[in-house]
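Some notes on the structure that comes next.
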Amino acid sequence: MSNKTYNSYYYWENLIKKDENTLKNAFKDMPLTKESVFLHHVIVNCYGESYDGWIYFPNSKALLGFLQYIYLPIAYNTIFLGERHGELAFPMCTVEGLLEMAREGTKTVNKEYIPIMEKQLMDLKTLWQLDDKECIDSLKEFGEALNDCWSSRNDIFFYFNIFDSPIEVGQYIMKTYEEDEMVDLERIEEHLGVKREEWLDICRNLFENEFMKRKFVEILNNRIEDMI
């Protein structure tokens, strides 16, 4: 698939119309390859729904498109709705359209964040001109800046982390669990369904056979505990 396809609102809108679980399963039927990249993304609304999930993409431009056309519209929309609407809802418009409606809306809350959102969108859109390696590196930097901006809120907040290899994913998950004082190694291994070293070995070597690929995806989709 051409990378230009991912820079299209209509491509992502059609995915949403076909499958409401696009936030989690946009590329579930695509095989993992060495070009695949990974996203851990979180949206928390203390007045209603929250989401914490993993998803993988065929390349950095697919991830970029997802962030611009799916993730940010849902996250920003959640900020604008505030306490009034507890569900995480895709606004069925571009970020530009959402910001325009928010600016004109009489019931919109948190309008003071619109300039920040506009700057973030502008920064994100510049990444389309980069090659895959530059794009993924810049997306990581963008994510760090965005997380610093939004993750410090107490009631409604969001953040994401990007990984460009399975071993980065595996090490991040182990580190996150190990830093949780409430979870010991035995419980970590129970969550994962494999021993610690077996999990890391899967992450290091999954491209060597199909079983490891399937095991990695199964653990990522079904066994990772809430990491918010």
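The values are calculated or read from the model by the stated rules, or taken from the named source; none is laboratory data. This is a predicted model, so every value here is computed, not measured. Positions of Cβ are backbone-derived with ideal geometry, glycine not excepted, and every protein chain shown enters the neighbour counts. Ligands, DNA and RNA are excluded from the accessible area calculation, which covers all protein heavy atoms including side chains. Shrake-Rupley method; radii C 1.70, N 1.55, O 1.52, S 1.80 Å.
Annotation note: Cβ proximity below 6 Å between a residue of the stretch 169-183 that is open to solvent by less than 90 Å² (accessible area, probe 1.4 Å) and a residue that is outside any loop (DSSP other than H, G, I, E, B) and at pLDDT below 85 (sequence gap 6+ or interchain) occurs for Tyr177/Ile188; Val183/Tyr177.
Residues considered: Asn21, Asn45, Asn3. Of these, the only one that is modelled with pLDDT under 95, more than 25 Å from Leu81 (Cβ to Cβ) and of a type in the set (S, T, N, Q) is Asn3. Within the stretch 184-202, is even one residue closer than 30 Å to His85 by Cα, in contact (Cβ under 8 Å) with a residue 12 or more places away in the chain and not in a helix (DSSP H, G or I)? No; the residues of the stretch 184-202 include none that is closer than 30 Å to His85 by Cα, in contact (Cβ under 8 Å) with a residue 12 or more places away in the chain and not in a helix (DSSP H, G or I). Quick one: is Asn21 surrounded by fewer than 21 Cβ atoms within 10 Å (Cβ to Cβ), over 17 Å from the mean Cα position of the chain (by Cα) and among the polar types (S, T, N, Q)? Against the criterion (surrounded by fewer than 21 Cβ atoms within 10 Å (Cβ to Cβ), over 17 Å from the mean Cα position of the chain (by Cα) and among the polar types (S, T, N, Q)), Asn21 does not qualify.
What do you reckon, is Pro58 open to solvent by 10 Å² or more (accessible area, probe 1.4 Å), over 19 Å from Asp155 (Cβ atoms) and more than 19 Å from the chain's Cα centre (by Cα)? So Pro58 does not fit the description; no. What residue, among those in the stretch 189-209 that are among the hydrophobic types (A, V, I, L, M, F, W, C) and touching a Lys or Arg at 6+ places or on another chain (Cβ under 7 Å), is most open to solvent (accessible area, probe 1.4 Å)? So the residue we want is Phe207. Scanning the stretch 120-138 for residues that are farther than 21 Å from Gly82 by Cα and of a type outside the set (Asp, Glu) yields Met122, Leu124, Lys125, Thr126, Leu127, Trp128, Gln129, Leu130, Lys133, Cys135, Ile136, Ser138. Filtering the stretch 37-81 to residues that are of a type in the set (Ser, Thr, Tyr), out of contact with any helix residue (DSSP H, G or I) (no Cβ under 8 Å at 6 or more places or on another chain) and outside any helix (DSSP H, G or I) leaves only Ser50. For the stretch 150-163, filtering for residues that are in contact with a Ser or Thr (Cβ under 8 Å, 6 or more places away or on another chain) and either open to solvent by 50 Å² or more (accessible area, probe 1.4 Å) or in a loop (DSSP other than H, G, I, E, B) (or both) leaves 0. Any residue in the stretch 134-146 that is within 24 Å of Leu64 (Cβ to Cβ), outside any helix (DSSP H, G or I) and of a type outside the set (Asp, Glu)? Among the residues of the stretch 134-146, not one is within 24 Å of Leu64 (Cβ to Cβ), outside any helix (DSSP H, G or I) and of a type outside the set (Asp, Glu), which makes the answer no.
Of all the numbered requirements in (1) hydroxyl-bearing (Ser, Thr, Tyr); (2) in a loop (DSSP other than H, G, I, E, B); (3) modelled with pLDDT of 95 or more, Thr108 misses one, and that requirement is (3).
Condition first: of a type in the set (Val, Ile, Thr) and open to solvent by 80 Å² or more (accessible area, probe 1.4 Å). Now tell me which residues in the stretch 110-149 satisfy that. If the condition is that a residue be of a type in the set (Val, Ile, Thr) and open to solvent by 80 Å² or more (accessible area, probe 1.4 Å), then no residue fits.
Checked against the criterion of being in a helix (DSSP H, G or I), surrounded by 15 or more Cβ atoms within 10 Å (Cβ to Cβ) and touching a Cys at 6+ places or on another chain (Cβ under 8 Å), the stretch 210-225 has at least one qualifying residue. Pairing residues of the stretch 74-88 that are of a type in the set (Lys, Arg) with residues that are modelled with pLDDT under 90 and surrounded by fewer than 15 Cβ atoms within 10 Å (Cβ to Cβ), at Cβ distances under 9 Å and at least 6 apart in sequence or on separate chains, gives Arg84/Lys107.
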